[in-house]
Amino acid sequence: MPFGNTHNNYKLKFSAEDEYPDLSKHNNHMAKALTLDIYKKLRDKQTPSGFTLDDVIQTGVDNPGHPFIMTVGCVAGDEETYEVFKDLLDPVIQDRHGGYKPTDKHKTDLNFENLKGGDDLDPKYVLSSRVRTGRSIIGYTLPPHCSRGERRAIEKMSIEALSSLDGEFKGKYYPLKDMSDKEQQQLIDDHFLFDKPVSPLLLASGMGRDWPDARGIWHNDNKTFLVWVNEEDHLRVIAMEKGGNMKEVFRRFCVGLQKIEAVFKKHNHGFMWNEHLGYVLTCPSNLGTGLRGGVHVKLPNLSKHAKFEEVLNRLRLQKRGTGGVDTAAEGGVFDISNADRLGFSEVEQVQMVVDGVKLMIEMEKKLEKGGSIDDMVPAQK
Amino acid sequence: MASTFTRVLSRKKTVGILSLVGAGSLMTGYLINKDKVHASAQSSRRRYPASAEYPDLRKHNNCMASHLTPAIYAELIDKATPNGFTLDQCIQTGVDNPGHPFIKTVGMVAGDEESYQVFAELFNPVIKERHNGYDPQIMRHPTDLDASKIRSGVFDERYVLSSRVRTGRSIRGLALPPACTRAERREVERVVADALSGLKEDLLGRYYSLTEMTEKEQQQLIDDHFLFDKPVSPLLTCSGMARDWPDARGIWHNNEKTFLVWVNEEDHTRVISMEKGGNMKRVFERFCKGLKEVERLIKEKGWEFMWNERLGYVLTCPSNLGTGLRAGVHISLPRLSKDPRFPKILDNLRLQKRGTGGVDTAAVGSTFDISNLDRLGKSEVELVQTVIDGVNYLVECEKRLEKGQDIKIPPPLSQIK
């Protein structure tokens, strides 16, 4: 909830001890990293746009978390958040991203030609392939903090950039605000429509404000390239298709992203990026590539095998239900995607998905025939 | 602590610059001061003219949307209360919740006592609409907690199952739930729990903090229907009042379970007096006694309630200004409730019906929650008397219908003015 600029100064008249949140029942990355000393050090700071420490942590204070699932518990309100509040965010990032240090550098590689294979995933097992990421526009505050004017400017810029695309990327923008019932139903049927977030993890950060003002969905005529505007990030970019041709999906993803970025750069509004954190997004969990590349794949036998989790871990992959994060698998069909975001490039992450899924399908086939997969379990990547 | 003042963060210089670079263009919101600054009130946030920030209220049906013109928005947008609460924060809940075609919600909240003054240009017409023409600029609100003035007030228990009176109180000098910091909220808890621990005799009781209560205590409070939960209504959560839940929230009640105080829910305090049966007079007597005692106890420690002669008791939602009082009964009216004249009768008696689960619930069978419609412009004694007279009339109607006699719609009670 973005308070006025002077609210934080008013708060300083109370002691840090009196203001410090009660995190005794909390289990999220923010609660693990925040100490009274860090709170004292950072509480009088603000980013140039006025985002404060309490703004960063509010969602983590309001959502204690789950004994099994470790949520992040903090968000950025602008690009500078990651710098001004690094004393809190560096340990959060390190914990969340497998030991990524404040001095580490992140590699960006959107050269789809560097991907080996990926066009031969068995369609009897792989039902669909998808790659998504997010992008933030330099100079604009992020969804937890932006004003209506800013959000509308982001939408306007995005529409201009997207409507300049042609060829396979030619498409149309559907603003959430003025959508007709017919358009809405079509988008639902295509599984494209995103709804006002209901998760308290998101709402508590303030990113649901003014819904549905300046939110919308753009997709190309082929329905294989999709952009969400002003949901959890400025832009979420998604390439997808039925079947197992991840190579083609990744190609479209990279080409589309680069075309969009070129248009934004032309207007002096590039994407937020730096060599330490890669692409800067609202949630620290999406730093780096912000990329989740995955497939819906049938693994009824492998998923029941005792070593399934171990295999996934070693391949640096994660499983989700086919409804996305926090859903259950149905009928042995899983959403399998890369676990990493920061510290590996886009090509590296998609390569892990391609290689890993290929291997798991081999394992599935072996199990179907009643064989053992013990000698197929890979080494830790 | 009683002084109120407005600190206007004027951006006159900035507005001048914006008009030079073409304030109508959305893409060129002017960036002031790109340098990183610490602990400064200056912001380098991209600034847009008020017209670019004005919310889209075309699909909205709430009091705020009815009265927030672009001109008022532009006038108030750069202002802030002394603790930094802004217009956008006041109206956020109304922007996020367009409302319902049939139910007109208020759509705005106060973050502190000064909100009502700093943003008076918007609050006043909203108050006027919500409270039947009450004009805070020229009228005065009467406060009267002398329960001895009540006439009658003991109902036939064949019809009236329970009686209840509730209100809210805010502690002057501490910000309200949408705006308060954690320290302020904890201070509210400390001040109120401290005062309540000084109550004696039939009011002697205990405080249960939401963070520290045991499973057993929690279950008992649920069984007694005393426990309040983290709000789920977006009307409330969008205003920011659920932040840091359940820190500094709690419930106090007397041993007899007839006097109950909620701490830091939608207001600093909600005070409830209730009993099974129809003795509204006694419920109101306890209500007044308890309120006055708590006020005396906080005054001993140098605190006081937010109150002024224009708005009466100051609470978070403008709908609760004045008395903040809802006095009501759970009443069984099987015949009257089916009579087509029922709504008109209630209306003329200045009463409203709700389901027995409270606001926004449906009635079970033919048992209703009947309470006063008004909050501001009439005193506590006047409103409770209105409820008592009204309920007496309803019971009379029900009895007449039982005997096959006809009933009459009563003449409308005078509204304010």
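Restricting attention to region A:242-268, the residues that are touching a helix residue (DSSP H, G or I) at 6+ places or on another chain (Cβ under 6 Å), open to solvent by 10 Å² or more (accessible area, probe 1.4 Å) and not aliphatic (A, V, I, L, M) total 1. The set of residues in region B:95-145 that are touching a Cys at 6+ places or on another chain (Cβ under 7 Å) and either of a type in the set (F, W, Y) or in a helix (DSSP H, G or I) (or both) comprises B:D96, B:S115, B:F119, B:V126, B:E129, B:R130. The set of residues from region B:49-72 being more than 22 Å from the chain's Cα centre (by Cα) and either in a strand (DSSP E or B) or within 11 Å of chain A (Cβ to nearest Cβ) (or both) comprises B:P49, B:A50, B:S51, B:A52, B:E53, B:Y54, B:P55, B:D56, B:L57, B:R58, B:K59.
What residue, among those in region A:179-225 that are of a type in the set (D, E) and free of Cβ contacts under 8 Å to residues at least 24 places away in the same chain, is farthest from the other protein chains (Cβ to nearest Cβ)?
By that ranking, first place goes to A:D189.
The residues in region A:331-381 that are surrounded by fewer than 21 Cβ atoms within 10 Å (Cβ to Cβ), touching a strand residue (DSSP E or B) at 6+ places or on another chain (Cβ under 8 Å) and in a helix (DSSP H, G or I) can be counted, and the count is 1.
In region B:197-212 there is no residue matching the filter, namely being buried (at least 19 other Cβ atoms within 10 Å of the Cβ), modelled with pLDDT of 95 or more, touching a helix residue (DSSP H, G or I) at 6+ places or on another chain (Cβ under 7 Å) and within 14 Å of chain A (Cβ to nearest Cβ).
Hey, among the residues in region B:375-396 that are among the charged types (D, E, K, R) and in contact with a Ser or Thr (Cβ under 8 Å, 6 or more places away or on another chain), which one's nearest to B:K289 (Cα to Cα)? Give the derivation first.
Initially, region B:375-396 is screened for residues among the charged types (D, E, K, R), giving B:375, B:378, B:380, B:382, B:389, B:396.
Okay, now just the ones that are also in contact with a Ser or Thr (Cβ under 8 Å, 6 or more places away or on another chain), so B:375, B:378, B:380, B:389.
Details: B:R375: 20, B:K378: 20, B:E380: 13, B:D389: 22 Å.
Among those that are among the charged types (D, E, K, R) and in contact with a Ser or Thr (Cβ under 8 Å, 6 or more places away or on another chain), it is B:E380.
Filtering region A:105-139 to residues that are open to solvent by less than 60 Å² (accessible area, probe 1.4 Å), part of a strand (DSSP E or B), closer than 28 Å to A:C74 by Cα and touching an Asp or Glu at 6+ places or on another chain (Cβ under 9 Å) leaves A:V131, A:T133, A:G134, A:R135. Here A:K25 qualifies as touching a residue at least 12 places away in the same chain (Cβ under 8 Å) and farther than 30 Å from A:I138 by Cβ. Considering region B:73-87, and only residues there that are surrounded by fewer than 21 Cβ atoms within 10 Å (Cβ to Cβ), in contact with a Ser or Thr (Cβ under 8 Å, 6 or more places away or on another chain) and not in a loop (DSSP other than H, G, I, E, B), the residue that is nearest to the other protein chains (Cβ to nearest Cβ) turns out to be B:K79. Taking residues in region B:135-163 that are under 22 Å from B:Y116 (Cβ atoms), and partners anywhere that are open to solvent by less than 70 Å² (accessible area, probe 1.4 Å) and part of a strand (DSSP E or B), the pairs with Cβ atoms closer than 8 Å and at least 6 places apart or on different chains are B:H141/B:G312; B:H141/B:G322; B:T143/B:G312; B:T143/B:Y313.
Kindly provide the set of residues from region A:140-154 that are out of contact with any Lys or Arg (no Cβ under 7 Å at 6 or more places or on another chain), open to solvent by less than 30 Å² (accessible area, probe 1.4 Å) and not hydroxyl-bearing (S, T, Y), ordered by number. A:L142, A:P143, A:P144, A:H145, A:C146, A:R148, A:G149, A:R151, A:A153, A:I154, listed by residue number. Residue count for region B:306-329 under the criterion of being over 16 Å from B:E295 (Cα atoms) and part of a strand (DSSP E or B): the result is 5. Of the residues making up region B:171-196, those that are out of contact with any helix residue (DSSP H, G or I) (no Cβ under 6 Å at 6 or more places or on another chain) and part of a loop (DSSP other than H, G, I, E, B) are B:R172, B:G173, B:L176, B:P177, B:P178, B:A179, B:C180.
Looking at region A:64-81, is at least one residue surrounded by 24 or more Cβ atoms within 10 Å (Cβ to Cβ), within 13 Å of chain B (Cβ to nearest Cβ) and either farther than 23 Å from A:D233 by Cα or not charged (D, E, K, R) (or both)? There is at least one residue in region A:64-81 that is surrounded by 24 or more Cβ atoms within 10 Å (Cβ to Cβ), within 13 Å of chain B (Cβ to nearest Cβ) and either farther than 23 Å from A:D233 by Cα or not charged (D, E, K, R) (or both).
The values are calculated or read from the model by the stated rules, or taken from the named source; none is laboratory data. Everything numeric in this text was worked out from a predicted model, so none of it was measured. Glycine gets a Cβ as well: all are built from the backbone with ideal geometry, and neighbour counts include every protein chain shown. What goes into the accessible areas is simple: the full protein's heavy atoms, side chains included, and nothing from ligands, DNA or RNA. Shrake-Rupley method; radii C 1.70, N 1.55, O 1.52, S 1.80 Å.
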